[in-house]
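The values are calculated or read from the model by the stated rules, or taken from the named source; none is laboratory data. As the structure is a prediction and not an experimental result, all values here were calculated from the model. Here the Cβ is made from the backbone with ideal geometry for all residues, glycine too, and neighbour counts use every protein chain on show. For accessibility, only protein heavy atoms count, side chains too; no ligands or nucleic acids. Shrake-Rupley method; radii C 1.70, N 1.55, O 1.52, S 1.80 Å.
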Amino acid sequence: MLVRGNHIERIAVNQPSEPGAMLIKGQGRTLMPGLIDMHWHSMLASPPLAVAMSADENYLALLAGIEAERTLMRGFTTVRDVGGPAFGLKRAIDEHRLPGPRIFPSGPMISVTSGHGDFRSEHDLPRTLGEPGSRFDRMGYSAIADSADEVRLRTREQLLRGASQIKLSAGGGVASPHSPLDAITFTEAELRAAVEAAKNWGTYVTVHAYTSESIRQAIAAGVQCIEHAMLMDDATAQLMASNGIWLSTQPLPLELGNTFAAGSEERAKFQQVYDGVDNVYKLARKYKIKAAFGTDVLFSSSLATQQGALLASLTRWYPPAELLTMATGTNAQLLSMSGKRNPYPGKLGIVEEGAIADLLLVDGNPIEDINLIADPDKNIVLIMKDGEIYKNTIPK
């Protein structure tokens, strides 16, 4: 294989020597595309929730920069950020100011008063329409919108900032204190306002939704991708499959529940969602729903290190070859739905001539032993992103 610039130029047996080229001998190792995480929060992956809510913005940005390099060193060369002020981090990575994965940013998660993403207390009310709801809003982690016009405004604000897709909270969530899981947050008209604004810019909307009711309303509004869906029923899974709706779901680790205080409502909500993980993957397999892989690691630097292990854990439902395809080429298909809002035009998630050179060299065969991906420090001996080598521990 010859890589020139940031693309794979040629794949052939008995390549002619290339003057000045660096020669890397695989020596029986496995070459594969860089991994892609479709549900990542670059700014929230490592700081504890209390820190994220109260710490200085510059401190949080530094933590995010550190975690970005660690993410790349785990073999994840691309992430889709589905909530948070990741635009500055993306720019710094793109300008080679610091190492990290390429980021497809959504900007803040757009939500409603009392919805998932609203961390205010009752003493912060009322909010003037059009104004930020809280410090979390002003920092760019969430954007409260309580009418179709406000949703349209918040959507267009993120498109102005460079969002590659738009993320809304269509139903209740775990971490937010006023957001019961069964709640349907936006109206169909409000969701449709975001879908129309995004479509006018050539991109799409994805929504946070656990329950059948919130998923069905989102589909009726034209949403093309559902995040999570752990609590959906059989009929809703059939609806997703028949309409070609993407499912971006995650094998949540049980340890993520430790983020929330024992006995708290948030802890109870997490357990309910966690208990639905088996359900969502069985339904995805049963109806052949277009499924993407992501992790949704939040508020824990130690859990962030398990990014590859979470992928490997999916062997409960998928064989390793399907998992590796899901976390590379299949995820890249969902990324391509950003159309002209795609900040990185070109083929990702695949090893072929003309594709972007995001490559991993694995010491072993991950199709035979998927757990190799779970220990990237030891087993991923070479990491290339965009044609540039960020790790090379192959013995000379």
Item to complete: State to the nearest 20 debye the size of the charge dipole of the stretch 263-396 about its Cα centre, where the only charges are +1 on K and R beta carbons and -1 on D and E beta carbons.
Response: 460
Practice prompt. Just reorder D149, D56, D81, D278 by solvent-accessible area, largest first, 1.4 Å probe, all chains present.
Written response: D149, D56, D278, D81
Practice prompt. Name the residue, out of I245, I24, I103, whose mean-square fluctuation peaks in a Gaussian network model built on the chain with Cα pairs under 10 Å.
Written response: I24
Worksheet entry | Among [x] 58; [y] 34; [z] 41, the entry that matches percent of Cα pairs over 31 Å apart as calculated here | [y]
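Quick one, what does Rg over Rh come out to for the stretch 1-56 if you take C-alpha atoms and the Kirkwood Rh? Could the numbers behind the result be given before it?
Working: Rg = 20.3 Å, Rh = 15.9 Å.
Across the stretch 1-56, the Cα-based Rg/Rh ratio is 1.28.
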Item to complete: Restrict the search to the stretch 268-347; then list the trypsin sites (Lys or Arg not before Pro) that DSSP places in a loop and that have at most 10 other Cβ atoms within 10 Å of their Cβ.
Response: K288
Worksheet entry | Extension gain (nm, one decimal) between S147 and A262, 0.36 nm per residue minus Cα-Cα | 37.8 nm
Discussion item. Which log10 I(q)/I(0) values does the stretch 229-356 give at q = 0.12, 0.14, 0.16, 0.17 Å⁻¹ under the Debye formula, counting every alpha carbon as one identical point scatterer?
Written reply: -0.54, -0.73, -0.92, -1.01
Response to the item:
So the pair-distance distribution of the stretch 262-320, from every Cα-Cα distance in 10 Å bins, comes to percents of 18, 45, 32, 5
Worksheet entry | Average Cα contact separation per residue, the stretch 161-281, under 8 Å, 6 or more apart, as relative contact order % | 24
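Suppose the chain between H7 and A21 were pulled fully straight at 0.36 nm per residue; how much longer would it get relative to their current alpha carbon spacing?
Working: separation 14, 0.36 × 14 = 5.04 nm, distance 1.43 nm.
Length gained between H7 and A21: 3.6 nm.
Work out the length of the dipole vector of the chain about its Cα centre, built from +1 on the beta-carbon of each Lys and Arg and -1 on the beta-carbon of each Asp and Glu, and round it to the nearest 20 debye. Could the numbers behind the result be given before it?
Values: 38 positive and 44 negative charges, 194 e Å.
Once rounded to the nearest 20, the dipole reads 940 debye.
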Response to the item:
the stretch 5-36 scanned against label point 7 Å out from A321 along Cα→C-beta; backbone N under 17 Å for 30-33
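By accessible area of protein heavy atoms, probe 1.4 Å, what ranking do H123, H39 get, highest first?
The ordering from most to least exposed comes out as H123, H39.
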Worksheet item: Rounded to the nearest 5, what is the percent of antiparallel bridges among the DSSP beta bridges in the stretch 151-265?
Response: 10
Item to complete: Could you tell me the distance between the Cα centroids of the stretch 286-318 and the stretch 188-265, to the nearest Å?
Response: 16
Discussion item. Which residue fluctuates most in the GNM of the chain (Cα springs below 10 Å): S336, S214, S42?
Written reply: S336
Worksheet item: Normalised by the residues of the chain, what does the relative contact order come to in percent, with Cα pairs under 8 Å and at least six apart?
Response: 21
Worksheet item: What GluC sites (Glu not before Pro) in the stretch 307-396 are in a loop by DSSP, with at most 15 other Cβ atoms within 10 Å of the Cβ?
Response: E352, E353, E368
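Only bridges with both residues in the chain count here: give the DSSP antiparallel percent, nearest 5. Don't skip to the answer; put the middle values down first.
On the way: 17 of 44 bridges.
Roughly 40 percent of the DSSP beta bridges within the chain come out antiparallel.
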Worksheet entry | Selection of GluC sites (Glu not before Pro), the stretch 50-128, meeting DSSP coil and at most 16 other Cβ within 10 Å | E95
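Would you mind telling me the antiparallel percentage of the DSSP bridges in the stretch 73-232, rounded to 5?
5
By the gyration tensor of its Cα atoms, with a ≥ b ≥ c the square roots of the eigenvalues, what is the shape of the stretch 123-165: rounded for a/c under 1.5, prolate for a/b over b/c, or oblate? Walk me through the numbers on the way to the answer.
Numbers: a/c = 3.08, a/b = 1.50, b/c = 2.05.
Because a/c hits 1.5 or more and a/b fails to exceed b/c, the stretch 123-165 counts as oblate.
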Item to complete: Kindly flag which residue pairs out of K347/K391; K25/K288; K167/K286; K90/K290; K167/K347 have an alpha-carbon separation exceeding 32 Å in this structure.
Response: K25/K288
Worksheet item: Which whole-number percent of Cα pairs in the stretch 151-221 have a distance greater than 18 Å?
Response: 36
